[in-house]
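Structure first, commentary second.
Bear in mind that the values in this text are calculations on the coordinates, not laboratory data. Since the model is a prediction, treat every value here as computed from it, not as a measurement. Every residue, glycine among them, receives a Cβ derived from its backbone with ideal geometry; neighbour counts consider all protein chains shown.
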Amino acid sequence: MLDFPEKKHGILILTEDSKSSAFYFKSKCKYWDLKTTAECLDDEDCTLAVDVIGLGRAPISLVNYAMKKCKMSFSEASNRKAVPYAEIYCVIDVDEHETLQKSIELAKRFNRKNSYNARIIPIISNVCFELWYLLHFADFTTKELYRENTSNNPAFKKYIPKNRNLFALLDNYLTIPYEKSIQNILNVLIISGASEEKAIKTAKRLEQHHLRLNYDKQLHLCNPYTNVYKLVERLNQISKNAK
């Protein structure tokens, strides 16, 4: 790591979609009044900043972009023109991505070999990010869930019952019909009586459930599954330290 007198470093959140998860994390950072790296650079009291970019790219492109941004930030930080990204979170849906496994392995190799002591952390949801919203309201550990039936994959052309349709289930709890384009999604969750504490606990319990039953299977291949809670807990920790 570079030796800054202020020991500044940045967190970069990259999302594979340009709407739902990007809007959520931007709202989250705004809610906690977390500074961006541009704001932090000239602020003597700022030691940690967060940037969120909704890329709308496949997982492998997301990780390649993460590596590029990391290297560039450390290069520019040597001239005090940027805050280096020591942590980069890639927010990914399992969906039907053919490059998902390759992107996970690429992130692992980067973490082992990069000279910056920086880390790329995949944040993965199966089947999609909206599972994180649903866990604010209900405990789903035994049923496989599916997103709306818009896929061209024949395997997804089957009828999806409402009790397995993630978006239909979410509509049961939100005060307005869910759309990925809702920019103030955090406010919608709060108004709808969502409990982040419940979501974190349920996600952890879901993780342990899959570990017990699928000890030889990678967690992100289990449905339903999400480790979004790890990034949310990290942002909560930053917000407390910033006060």
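Things to note:
- Residue that is surrounded by the fewest Cβ atoms within 10 Å (Cβ to Cβ) [pool: residues in the range 112-129 that are in a strand (DSSP E or B) and of a type in the set (A, V, I, L, M)]: Ile121
- Matching option when the condition is within 19 Å of Ile124 (Cβ to Cβ), among the β-branched types (Val, Ile, Thr) and in contact with a helix residue (DSSP H, G or I) (Cβ under 9 Å, 6 or more places away or on another chain), among Ile182, Ile200, Ile160: Ile200
- Taking the range 130-142 as the range and being hydroxyl-bearing (Ser, Thr, Tyr) and crowded, with 20+ Cβ neighbours inside 10 Å as the test, only Tyr133 passes.
- Cβ separations smaller than 6 Å between residues 6+ apart or across chains give the following pairs from the range 210-239 residues that are loosely packed, with under 14 Cβ neighbours inside 10 Å to residues that are not basic (Lys, Arg): Asn214/Cys222.
- Residue count, the range 160-207 (criterion: assigned to a helix (DSSP H, G or I) and either surrounded by 11 or more Cβ atoms within 10 Å (Cβ to Cβ) or touching a Leu at 6+ places or on another chain (Cβ under 9 Å) (or both)): 24
- Scanning the range 159-187 for residues that are closer than 12 Å to Ser20 by Cα, touching a residue at least 40 places away in the same chain (Cβ under 8 Å) and not aromatic (Phe, Trp, Tyr) returns Lys180, Ser181, Ile182, Gln183, Asn184, Ile185, Leu186.
- Residue ranges of helices (runs of 4 or more DSSP H) in the range 1-102 with at least 1 members touching a residue at least 40 places away in the same chain (Cβ under 8 Å), closer than 20 Å to Leu131 by Cα and of a type in the set (A, V, I, L, M, F, W, C): 20-31
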